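S.K.: Next up is a structure, given as structure tokens.
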Amino acid sequence: MYQKVYESKATAPAPINLKPEVLIIGGGIVGITVARELAREGVQVVIAEKGETLGGGVRDLHFFYDRPAAVQKWLGDLIEVVEGAGNITVLKGAKLKRLDGQLGRFQALIRTSEGRERTLSPSAVVVATGCITRPAEAMSDGGRCIGSSEMEKLLAESRDLPVAWKGQPVKTVTFILDRTDDDIKIHTVNAIKLAVILQEKGCQVAVVARDLKVSASGMELLYRQARGKGVLFFKYDEPPVLSHSGDGISVEIPDMTVLRKEERETVSLLSDLVVIGETFAADPETQELCRVMKLRTGAGGALMEDNPQFLRVMSNRRGIFLAGACRFPQIIAESLSEAHAVVQEVKALLHGGVYTPVNPVAEVDPPKCAVCYTCVRLCPHAAIGVERYGDRNVYSAPAEKNGDTLWQAARVDPAACFGCGICVAECPARAITLYQ
Amino acid sequence: MSTFEPKIVAFCCEQSGLPAAEMAKTLKLKIPDNLELVPVPCSGRIETLYLLKALESGADGVVVFACYEENCRYLQGNVRLKGRVGYAKQIMAKIGLEQERLEIFHVATNSGVKFSEFLMQKADQLRLLGPNLGKIA
Amino acid sequence: MTDENNHPVLIIGGGISGIVCALELYRLGVPVTLIEKEASLGGLAARFCCKASEACNKCFACVVDKKLKEISEQSQISQLTGAEITGVAGDQGSYKVSLAKAGKVSELEAAAIVVAAGIDPYEASGKGEYGYGVIKNVVTARDLEEMLRFQGKIYRPSDGKLPQNIAFIQCVGSRDESIGNLYCSQVCCAYALRLIRAIRHKYPEVNATFLYMDIQPAGASFHDFLNACREDKGIRFIRSLPSRVYHSPVTEDLRVRLADTERGEVVEEPFDMVVLSVGMVLKKEAKPLANLLGLGLNEEGFLASPAPGNGIFVTGACAGPKDIDRSITHAKSTAALVHNYLNGR
Ligand SMILES: Cc1cc2nc3c(=O)[nH]c(=O)nc-3n(C[C@H](O)[C@H](O)[C@H](O)COP(=O)(O)OP(=O)(O)OC[C@H]3O[C@@H](n4cnc5c(N)ncnc54)[C@H](O)[C@@H]3O)c2cc1C
Ligand SMILES: Cc1cc2nc3c(=O)[nH]c(=O)nc-3n(C[C@H](O)[C@H](O)[C@H](O)COP(=O)(O)OP(=O)(O)OC[C@H]3O[C@@H](n4cnc5c(N)ncnc54)[C@H](O)[C@@H]3O)c2cc1C
Ligand code: SF4
Ligand code: SF4
Ligand code: SF4
Ligand code: SF4
């Protein structure tokens, strides 16, 4: 009654050889973790980092919330391993300019800051470009409102001495959370972690938040520990009002612990310093990267939309994976779990050294193709390109290539096709068939 | 009502509709008697023509079981489908076929109960509408 | 049982974590044996319902069904259901595991053991003040999930009618000093809000009240989802955990005693039904297993990660609260580590 959904075909698409070579874009903690793990497997790894140093966002961190180790030492050791490994090449000041081809035939053009270019042919690409942080919107004159990474630095530098800011002692600190980024738990984790340290150093700390996001291993215990040490916690529905008061800042919020509205008073927290967590945002360059790599973007310009059936670390293209803060800012432990999941995906892909296309796959019948680019535009997996390969085409003019006459037509790369059939249904010339 | 038992053609996305149908079967839920299931790899595979052909060649109602939006295994299939069903409905309006004869219904793998409930409702609705006058067969 | 089950890797627990770990190792060409004590694979999450409203709300329940199908088609992975571990001998990469299945005892050898024993929902009757098990119309979120999955509707257990007014009480069994569970279960805020959205989509006339301490985010799209919840006029957010649930034995209607911060007073609000958003605790059966394997518990009461290098791994929610999404990511990362271990790296 209607044409068949699939056609069957005797000859299966040929397997594609995959060399153990992987390109990693972004040398943050996720990028270097993936690099180290894959290098241990004997994979040749190239890290393309746009900055001049490895480490990414973690370079601004000094304390873990869940273990006593010093972050910079841990990071330094890791970077040393990665930079010293024989089969890892680190390109600094490097940007991906082009990515052509498909799984098994990727051609990546990388330009470094000195203007040198390198062409790589990786079997898989891992995107770990992280996110950027914007300074918290401070008060008009910017004074005495600092970001959370500045507070980390202050604490790391003060060592055993009392905390001081621009030469003045700091006695009272207030953290204000959730003015932006109310879906990211890093701010709560950071604030409580720093509050405990500050309180131990003799400061009086208050944390003002909409919700305390303690959904991380060990966080509820740390929260209780902070309360035990005398850190004050206030929750708000309306963000607090800040004003200058003497040498400090006054943070005013209604005291919600008092139930009766008429008795509810406004609490003023007089603070020497106010800490407002940086806002996380997608790197504007991600847009350009996604254009070059034909990747999809999701909410706020971050990589990939949130889609349960398309599990976390996958991108819309076969052979390209993503992990870490480029998709969603998370605490380090969760980012690293993703990094290891990517390692697993890459290992599974490279396992055996060949990729055999799985059924079904779409195929264009070149003579029928009108080169209208509909399928190229609509394939969600960027599996179709227009190439000169047909020996006959009713619609488009032939071109000479090596003395042979070749016609232009759309071509589906079987290694990249997911077999959804969207192109088949959309082709106005009915030139595409889905083969089982 | 008379003994009219409407024929329903249900296109089932293999990522959601088909497993839901299987779940309905294992749970032994009621489904209409005169039902034809057409598995498709993704609802995005369904051409506008399939929908109209099905109506032309004997179906009283056509249902597409697709994944919920933002949960397509191929990211965009159900979005493409929506456009095509809209187009098919325009054509149906022009030739005087009732809009109720074509519908998208979103399910997940675990929506066996919804699958059966929806089809039973659809069968009732079609029974009231009467046979599809557009069919040729 | 015969040699065909003597695979280098033994995975204990056939929930989503165990299944994913098995599938991933299989992709690397490592033969595995998967052991599940229940009659079928899937674990807790295989009985959840879809929580979509207009669009998918990313609860990940359908992914479990898909992975279950995937593994059922994988004949090369030995899947032993209705089987339990009774003893473990040996160490460091050559373990001898005794197994009881249908009354028969057998022995397996394994180089690596992955524990994916999972979690139990918190036993809500432990919070006597909410009356679970005594008051008919107090149900747990798990009961509600199963109601929606297998019957496709919600109803009051007392009279089968559609409840018009539902209260969701958060943090039942988590973040609670009185019962000693000093951790956040990380999933219940998100699943409760998704359930509310799904119910409001199906029954727009039903109103819900969300009683909570703090809202925990989940995933990249949570911001938009939460905004949609806040804009929904049929959902009331009250930051206060109730102290008690009362019921009328005649009408089976409920009264919930709570501090309403909006009105500024302690009130007793009437509700048709109360849903307890239960958190997670380590699976009962995981403790004897931990003893057999010499595993300790961490300060939150979940399985502590074992010292590296002896071929024992812990994955999924038994290592600490995780949603399905993060259980899958964790299981994948564990598979890579197991593979490294087998190759002496
Ligand atoms: C202020 C702050 C506080 C934090 N506090 C905590 C905390 O307390 N606890 C916790 O667990 N986590 C915390 N985090 C989170 C933690 O830093 C992140 O989880 C981690 O940095 C994510 O690593 P990543 O590798 O994904 O990204 P990043 O660390 O952001 O690394 C990305 C790298 O990619 C490079 N790059 C970007 N674009 C390109 C491109 N187009 N081409 C080439 N290279 C590119 C960047 O230069 C960078 O080096 C905090 C983060 C910040 C910013
Ligand atoms: C009420 C509730 C609602 C939830 N809703 C959601 C949600 O909407 N979205 C979401 O992402 N997450 C949700 N979660 C979390 C989700 O349930 C877990 O993430 C998931 O079940 C973890 O999977 P697992 O495989 O680690 O453990 P489990 O699913 O618990 O599986 C463990 C398996 O191991 C078996 N086992 C245990 N011990 C042994 C033994 N000794 N021998 C043999 N077999 C054994 C068990 O029988 C079980 O089958 C919810 C949790 C609860 C409590
Ligand atoms: S949609 Fe059809 S006609 Fe157009 S380019 Fe693709 S194959 Fe050719
Ligand atoms: S079947 Fe789908 S993935 Fe394959 S080429 Fe067509 S649209 Fe792209
Ligand atoms: S709401 Fe949950 S079960 Fe439903 S489609 Fe989305 S992820 Fe799947
Ligand atoms: S996720 Fe929400 S309900 Fe669950 S324990 Fe944490 S705060 Fe409480």
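No value in this document is a laboratory result; all are computed from the given coordinates. A quick note: this is a predicted structure, and the numbers were derived from the prediction, not measured. Neighbour counts are summed over all protein chains in view; Cβ atoms, including those assigned to glycine, are modelled from backbone coordinates with ideal geometry.
S.K.: Which of the DSSP-defined H helices in chain C satisfy a minimum axial length of 15 Å, computed from C-alpha atoms, and a minimum mean Kyte-Doolittle hydropathy of -0.5?
M.R.: Those that pass (Cα extent of 15 Å or more, hydropathy at least -0.5) are C:16-27, C:61-72, C:188-202, C:324-342.
S.K.: Take peptide A:213-226, look around each residue's Cβ out to 10 angstrom, count Cβ atoms belonging to other protein chains, and average those counts.
M.R.: For this peptide, the per-residue mean of nearby foreign Cβ atoms is 6.
S.K.: Something else about it: Counting partner chain Cβ atoms within 10 Å of every residue's Cβ in B:62-71, what's the average?
M.R.: 5
S.K.: Also: Can you tell me which of C:148-154, A:241-247 comes out highest on packing, and rank the rest after it, using the mean Cβ neighbours within 10 Å?
M.R.: Answer by packing, highest mean first, reads C:148-154, A:241-247.
S.K.: Can you list the equivalent-ellipsoid semi-axes of the stretch A:136-277, largest first and in whole Å, using the square root of 5 times each Cα gyration tensor eigenvalue?
M.R.: 22, 19, 15
S.K.: Looking at the stretch C:191-279, which GluC sites (Glu not before Pro) are in a loop (DSSP not H, G, I, E or B) and have at most 14 other Cβ atoms within 10 Å?
M.R.: C:E205, C:E262
S.K.: May I ask you to sort A:R159, A:R105 by Cβ crowding, counting other Cβ atoms within 10 Å and putting the fewest first?
M.R.: In order of increasing Cβ crowding within 10 Å: A:R159, A:R105.
S.K.: Relative to the longest principal axis of chain A, what angle (0 to 90°, nearest 10) does the C-alpha long axis of helix A:29-40 take?
M.R.: Approximately 50 degrees, to the nearest ten.
S.K.: 222 nm [θ] for chain B, helices only, -39500 (n - 2.57) per DSSP H run of 4+, per residue, to 500?
M.R.: Helix-only estimate at 222 nm: -13000 deg cm²/dmol.
S.K.: Tell me which of C:A259, C:S248, C:L292 sits at the most positive position along the dipole axis of the stretch C:232-304, charges placed on C-beta atoms (Lys, Arg +1; Asp, Glu -1).
M.R.: It is C:L292.
S.K.: Taking a threshold of 30 Å on the Cα-Cα distance, which of the pairs B:K94/C:K66; C:K67/C:K127; A:K4/B:K25; A:K153/A:K213; C:K101/C:K127 fall above it?
M.R.: B:K94/C:K66; C:K67/C:K127; C:K101/C:K127
S.K.: Taking the highest mean first, how do the peptides B:62-71, A:193-202, C:60-69 order by number of other beta carbon atoms within 10 angstrom per residue?
M.R.: Packing order, densest peptide first, comes out as B:62-71, C:60-69, A:193-202.
S.K.: Right, next: Sequence-distant or interchain residues sharing an amide H contact under 5 Å with C:F271, placed H: which?
M.R.: HN-HN under 5 Å from C:F271: C:L254, C:R255, C:V256.
S.K.: Take every DSSP beta bridge with both residues inside the protein assembly as shown and express the antiparallel ones as a percent of the total, to the nearest 5.
M.R.: If I count the DSSP bridges inside the protein assembly as shown, around 45 percent turn out antiparallel.
S.K.: Can you compute the charge dipole magnitude of chain B about its Cα centre, using +1 on each Lys and Arg Cβ and -1 on each Asp and Glu Cβ, nothing else charged? Give it in debye, rounded to the nearest 20.
M.R.: With Lys and Arg at +1 and Asp and Glu at -1, about 180 debye.
S.K.: Here's another thing I want to ask about it. Please give the calculated 222 nm ellipticity per residue for chain C, where each DSSP H segment of at least 4 residues contributes -39500 (n - 2.57) and the sum is spread over every residue; nearest 500 deg cm²/dmol?
M.R.: Dividing the helical sum by the residues of chain C leaves -8000 deg cm²/dmol.
S.K.: How charged is the neighbourhood of C:V187? Take every other residue with its Cβ under 11 Å from the Cβ of C:V187, and add Lys/Arg as +1 and Asp/Glu as -1.
M.R.: Every neighbour counted, the sum reads +1.
S.K.: To continue, here is another question. For the stretch C:44-134, with equal point scatterers placed on the C-alpha atoms only and solvent neglected, what are the log10 I(q)/I(0) values from the Debye formula at q = 0.19, 0.23 1/Å, to two decimals?
M.R.: The Cα Debye sum returns log10 ratios of -1.06, -1.19.
S.K.: Next up: Out of the stretch A:247-315, which GluC sites (Glu not before Pro) are coil in DSSP terms and have no more than 12 other C-beta atoms within 10 Å?
M.R.: Here the GluC sites (Glu not before Pro) that fit, given the DSSP loop and packing criteria, are A:E265.
S.K.: Let me know the mean shielding of A:367-379 by other chains, meaning the per-residue number of their Cβ atoms within 10 Å of its Cβ.
M.R.: Across A:367-379, the average partner-chain Cβ count within 10 Å equals 0.
S.K.: Tally Lys and Arg at +1 and Asp and Glu at -1 over the other residues with C-beta under 14 Å from the C-beta of C:L254: what net charge comes out?
M.R.: Once positives and negatives cancel, what remains is -1.
S.K.: Can you flag which of C:K37/C:K104; B:K30/C:K136; B:K114/C:K153 are past 18 Å Cα-Cα?
M.R.: B:K30/C:K136
S.K.: What FRET efficiency, computed as 1/(1 + (r/R0)^6) with R0 = 56 Å and r the Cβ-Cβ distance, is obtained for C:N343 and B:T3, rounded to the nearest 0.05?
M.R.: 0.25
S.K.: Taking the beta-carbon count within 10 Å as an exposure proxy, list B:M92, A:M304 from fewest neighbours to most.
M.R.: B:M92, A:M304
S.K.: Considering only DSSP states other than H, G, I, E and B, which GluC sites (Glu not before Pro) in the stretch C:277-330 qualify as loop sites with at most 13 other Cβ atoms within 10 Å?
M.R.: Those that pass, being in a loop and sparsely packed, are C:E299.
S.K.: Quick one: plug the Kirkwood hydrodynamic radius of chain C (C-alpha pairs) into Stokes-Einstein at 10 °C, 1.306 mPa s, and report D in µm²/s.
M.R.: The estimated diffusion coefficient comes to 74 µm²/s.
S.K.: For the Cα atoms of chain A, what angle does the longest principal axis make with the long axis of helix A:219-228, in degrees from 0 to 90, nearest 10?
M.R.: Helix A:219-228 sits roughly 10 degrees off the main axis of chain A.
S.K.: Fully extended, how many nm does the chain gain between A:T89 and A:D237 (0.36 nm per residue separation, minus their Cα-Cα distance)?
M.R.: Stretched fully, the A:T89-A:D237 segment lengthens by 48.3 nm.
S.K.: A further question follows. For chain A, report the translational diffusion coefficient in µm²/s to the nearest whole number, using Stokes-Einstein at 10 °C, 1.306 mPa s, and a Kirkwood Rh over Cα pairs.
M.R.: The calculation lands on 64 µm²/s.
S.K.: As a footprinting exposure proxy, order A:S250, A:S337, A:S268 by other Cβ within 10 Å, with the fewest listed first.
M.R.: Ranked by crowding around the Cβ, least crowded first: A:S268, A:S250, A:S337.
S.K.: Give me the Kirkwood hydrodynamic radius of the protein assembly as shown, using the inverse of the mean 1/r over all pairs of distinct Cα atoms, in Å to one decimal.
M.R.: By the Kirkwood definition, the hydrodynamic radius is 30.1 Å.
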